[in-house]
Amino acid sequence: MPAVADAAPRIRRRALPVFTALGIALAAVVAVALATGAVTITPGEVVRVLSRHLGLPLGSEPTFRADAVLWNIRFPRILLGLTVGGGLGVAGAALQGVFRNPLADPQLLAVGPGASLGAIAAMLVLGTGTAASLGGGVAGGIVTAIVLRRFSGDATPDPSRFVLSGVALGAVLTAFVGFAVFAADRAAVPPVEFWLLGSLTSATWRTTAVVAALTVLGGAALLVTGRSLDLMALGEAEARHLGVNVDLTTTLVLVATGLVVGAGVGAVGVVGFVGLLAPHLLRRRMGSRHGPLLAGSALCGAALVAAGDLLARTVAAPVEIPVGLVTAALGGPFFLWLLRRSLTRGTA
């Protein structure tokens, strides 16, 4: 009993420095992203623009150019990147927990490509617009997750079977995305690079608000599963004995992942490696308890996408690189290094 009583304070002491570091990193990335770009804006102008729109004006009036660039372009773009990254981070942590497999990821398990295909189909049927893209993305993500869930064949999920099924299904759906884009009117559907590599260039306040609402809804559902995921880590038989409905938890995680990832993909396309990398960056520091890990992965994912988008629009300026290409270039090799290190230590 004393060990159980001491567990919660020990977890908080371990997680607090990580959350503090994530908060500082997130604030630093946002501050640099607001001031950096084709139009350089001073920190003072950033503060004046923000305070003016919040109804608490500080100092002199900001210039028209600074107000237009910050409020109409950079603020919604950065907030959308934070929202999408946060959703990918928490979804990746939940999938890795429910499958007990460190390779589980929304894109690897085909949810991202399925959401892309759903968004494209909705735009072809309903016309261009935020409602069609987001609605189709969410529908495609959830349907793909349900189809993937059906591959289990029974109430007991097989982690290896899920991952292999996801890889195969993702390859098929990615091919269909390419076929649909090239067969469609280019004026009606964004290019294939958008759907497979992601871009935040079309961010608006309306899109950001809708994606944020859907992400909060799906993210809250994933956070609720934290205790069940902790018990499932002990094994399915033990989890069932302790009262966990394994089938319901797995289905909830997949559907909530489809909602979160579908909303993000409908707005910005597929941004890879975030859901895979964010939990790995934190698990060694925060431990395996899913409550703190899910929340921390959301913050880490938000920082990764915000930093990736900052690099995407500055590293080769005036040319803008797709943000998904940046996250893959940075996240892929680093993840392989982490995986190789963990395997080496495991066999030592």
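The values are calculated or read from the model by the stated rules, or taken from the named source; none is laboratory data. A quick note: this is a predicted structure, and the numbers were derived from the prediction, not measured. Glycine also receives a Cβ, built like all others from the backbone with ideal geometry; neighbour counts cover every protein chain displayed.
Quick notes on this one:
So that you can scan it fast, the table gives a plain yes or no per residue for (1) within 17 Å of the chain's Cα centre (by Cα); (2) within 26 Å of Glu193 (Cβ to Cβ):
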position	(1), (2)
Ala233	no, no
Glu236	no, no
Val253	yes, no
Val260	yes, yes
Val268	yes, yes
Gly275	yes, yes
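- Check on Thr36, exposed (fewer than 13 other Cβ atoms within 10 Å of the Cβ), farther than 30 Å from Ser228 by Cα and out of contact with any strand residue (DSSP E or B) (no Cβ under 9 Å at 6 or more places or on another chain): no
- Subset of the stretch 47-70 (residues that are in contact (Cβ under 8 Å) with a residue 12 or more places away in the chain and either within 20 Å of Leu311 (Cα to Cα) or assigned to a loop (DSSP other than H, G, I, E, B) (or both)): Gly59, Ser60, Glu61, Pro62, Thr63, Val69, Leu70
- Any hit, the stretch 195-208, residues being more than 21 Å from Val323 (Cβ to Cβ) and at pLDDT 95 or above: no
- Count of residues meeting criterion [closer than 18 Å to Pro76 by Cα, among the β-branched types (Val, Ile, Thr) and assigned to a helix (DSSP H, G or I)] in the stretch 13-46: 4
- Hey, Thr144 part of a helix (DSSP H, G or I), among the polar types (S, T, N, Q) and touching a Ser or Thr at 6+ places or on another chain (Cβ under 7 Å) or not: no
- Within the stretch 102-129, the residues that satisfy the criterion of being under 23 Å from Leu299 (Cβ atoms) and part of a loop (DSSP other than H, G, I, E, B) are Pro102, Leu103, Ala104, Asp105, Pro106, Gln107, Leu108, Leu109.
- Qualifying residue in the stretch 320-333 (condition: farther than 14 Å from Thr201 by Cβ, modelled with pLDDT under 85, over 16 Å from the mean Cα position of the chain (by Cα) and not polar (S, T, N, Q)): yes
- The one condition in (1) crowded, with 20+ Cβ neighbours inside 10 Å; (2) at pLDDT below 95; (3) among the aliphatic types (A, V, I, L, M); (4) under 28 Å from Pro17 (Cβ atoms) that Leu311 fails to fulfil: (1)
- Pairs, first polar (S, T, N, Q) in the stretch 207-222, second assigned to a helix (DSSP H, G or I) and buried (at least 22 other Cβ atoms within 10 Å of the Cβ), C-beta under 6 Å, six or more apart: Thr207/Ala267; Thr208/Leu80; Thr215/Thr83; Thr215/Gly87; Thr215/Val260; Thr215/Ala263
- Looking only at the stretch 117-153, and only at residues there that are small (Gly, Ala, Ser) and over 19 Å from Thr215 (Cβ atoms), the one that is modelled with the highest pLDDT: Ala121
- The listed residues are Ser342, Ser297, and the only one of them that is at pLDDT 90 or above and part of a helix (DSSP H, G or I) turns out to be Ser297.
- The number of residues in the stretch 215-249 that are crowded, with 22+ Cβ neighbours inside 10 Å and farther than 19 Å from Arg289 by Cβ comes to 2.
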